[in-house]
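Notes follow once the structure below has been shown.
The values are calculated or read from the model by the stated rules, or taken from the named source; none is laboratory data. Bear in mind the structure is a predicted one, so any value in this text is a computation, not a measurement. Counting neighbours? That spans all protein chains shown, and the Cβs are built from the backbone with ideal geometry, glycine included.
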């Protein structure tokens, strides 16, 4: 079955590259959601996108539905959302939504800041609403960053860019800190972290928990306990979710055939991939591709999969 032939008229999700506005420093852009509406002539971008840069959205008024990697998030005033490079996202209706949008490339921040802010962490939270103290600090950081971005020409260009980088660092470090423990909290479980990192490297080669246990020197039971304690999932489900996410990205982003996607993800045969995907998502790969690319259908995220980030985030994590 050739997925490409059946969907040749269905446009793939575009990969969006960062393009700095004329006359501004490369790598960072700050605008209001009102500016974004004006840029799109009052219309909301209605197609999913896969940017190669970070999006930070801070909502100050109204409401906004935004979808990241096929999961919907409802933003309320005070909420923040972080889309990382490579994630598929789609805007909801921007009418009445007010706030700040910050776009930046990965290499704008120095390596130490990038590590501390977990820029490369694919498991970092996407959205949340901080408590009042953190909300005030984030709002101040965002306003200061926006003010500096609009102040082009008041400082030498290299100094202006340095100031933007430092102000952006403050904002992303505070956002990352919302879910980081404070004080003498125990270190993250090393077994889980090693399993997670190995999964990122090898999920296209094996989906067997026993294989990961063998390559890491643990028993499968040890991996199961560590994953359940840290992620709240069985080790097998943890592996399956990562494989399914990549399959969704491949289905949404391009017109690869079922055989090509199956091969890329390490399946012996396209039919094996089809059964695997259907069993875990409730729809066939072709049905998923149709839904995620359908105008007005949004993202194919089910109601049960949608997340509401309005639970306050505190310095110790989710309340």
Given (1) at pLDDT below 90; (2) surrounded by fewer than 20 Cβ atoms within 10 Å (Cβ to Cβ), residue 61 misses just (1)
Testing residue 159 on (1) touching a strand residue (DSSP E or B) at 6+ places or on another chain (Cβ under 8 Å); (2) at pLDDT 90 or above, one condition comes back false. Which one is that? (1)
Does residue 250 count as part of a helix (DSSP H, G or I), free of Cβ contacts under 8 Å to residues at least 24 places away in the same chain, closer than 24 Å to residue 49 by Cβ and in contact with a helix residue (DSSP H, G or I) (Cβ under 9 Å, 6 or more places away or on another chain)? yes
Considering only region 143-154, I want to know if a residue exists there that is without any contact (Cβ under 8 Å) to a residue 12 or more places away in the chain, surrounded by fewer than 18 Cβ atoms within 10 Å (Cβ to Cβ) and outside the structural domain of residue 61 (by TED's automatic domain parsing). no
Any chance region 117-140 includes a residue that's free of Cβ contacts under 8 Å to residues at least 12 places away in the same chain and surrounded by 14 or more Cβ atoms within 10 Å (Cβ to Cβ)? no
Index of the failed condition, residue 71 passing every other in (1) touching a helix residue (DSSP H, G or I) at 6+ places or on another chain (Cβ under 7 Å); (2) closer than 16 Å to residue 128 by Cβ; (3) crowded, with 19+ Cβ neighbours inside 10 Å: (3)
When residues of region 25-35 are limited to those that are buried (at least 17 other Cβ atoms within 10 Å of the Cβ) and closer than 17 Å to residue 164 by Cβ, the one modelled with the lowest pLDDT: 25
So which residues in region 70-90 are within 24 Å of residue 168 (Cβ to Cβ), outside any loop (DSSP other than H, G, I, E, B) and modelled with pLDDT of 90 or more, if there are any at all? 73, 75, 80, 81, 82, 83
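Residue by residue, here is whether (1) surrounded by fewer than 16 Cβ atoms within 10 Å (Cβ to Cβ); (2) under 21 Å from residue 86 (Cα atoms); (3) modelled with pLDDT of 90 or more holds:
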| site | (1), (2), (3) |
| --- | --- |
| 252 | no, yes, no |
| 270 | no, no, yes |
| 291 | no, yes, no |
| 296 | yes, no, no |
| 304 | yes, no, no |
Check on residue 105, within 27 Å of residue 37 (Cα to Cα), within 16 Å of the chain's Cα centre (by Cα) and either in the same structural domain as residue 76 (by TED's automatic domain parsing) or surrounded by 13 or more Cβ atoms within 10 Å (Cβ to Cβ) (or both): yes
